Amino acid sequence: MKLSARNVLKGKVVSVEKGSTTAHVKIEIANGQVVTSAITNESVDALGLKVGGEAYAVIKSSDVIIAVD
């Protein structure tokens, strides 16, 4: 796999919650650190995402906003 995105985080799928059209997929990338993504149900099926399986969270963004109180 070759990508232009620099942030590729390997992890384990800990949750797949399908809605009517969109699913929320949670990937644990480190002990207790979870990344959540909203993707189509069709993509979940095409990728074969299942709890316990390995997957990558690929983050591509032109902006990262940081805030504090």
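Only one of these conditions is not met by K10: (1) surrounded by 12 or more Cβ atoms within 10 Å (Cβ to Cβ); (2) touching a residue at least 24 places away in the same chain (Cβ under 8 Å); (3) in a strand (DSSP E or B). Which number is it?
Just one mismatch for K10, condition (1).
How about the stretch 41-59: which of its residues are small (G, A, S), at pLDDT 95 or above and within 11 Å of G11 (Cβ to Cβ)? Spell out how you get there, then give the answer.
Let us first name the residues in the stretch 41-59 that are small (G, A, S), namely 43, 46, 48, 52-53, 55, 57.
Imposing the further condition that a residue be at pLDDT 95 or above reduces the set to 43, 46, 48, 52-53, 55.
Listed by number, the residues that qualify are G53, A55.
Can you tell which of S43, S62, S15 is among the polar types (S, T, N, Q) and part of a strand (DSSP E or B)? Can you show your working first?
On the way: S43 fails: part of a strand (DSSP E or B); S62 fails: part of a strand (DSSP E or B).
It is S15.
Can you say whether L49 is surrounded by 14 or more Cβ atoms within 10 Å (Cβ to Cβ), in contact (Cβ under 8 Å) with a residue 24 or more places away in the chain and not in a strand (DSSP E or B), as far as the supplied structure shows? Spell out the reasoning first.
Details: surrounded by 14 or more Cβ atoms within 10 Å (Cβ to Cβ): yes; in contact (Cβ under 8 Å) with a residue 24 or more places away in the chain: yes; not in a strand (DSSP E or B): yes.
Criteria met by L49.
The values are calculated or read from the model by the stated rules, or taken from the named source; none is laboratory data. Source: prediction; values computed, not measured. Backbone-built Cβ (ideal geometry, glycine too); neighbour counts: all protein chains shown.
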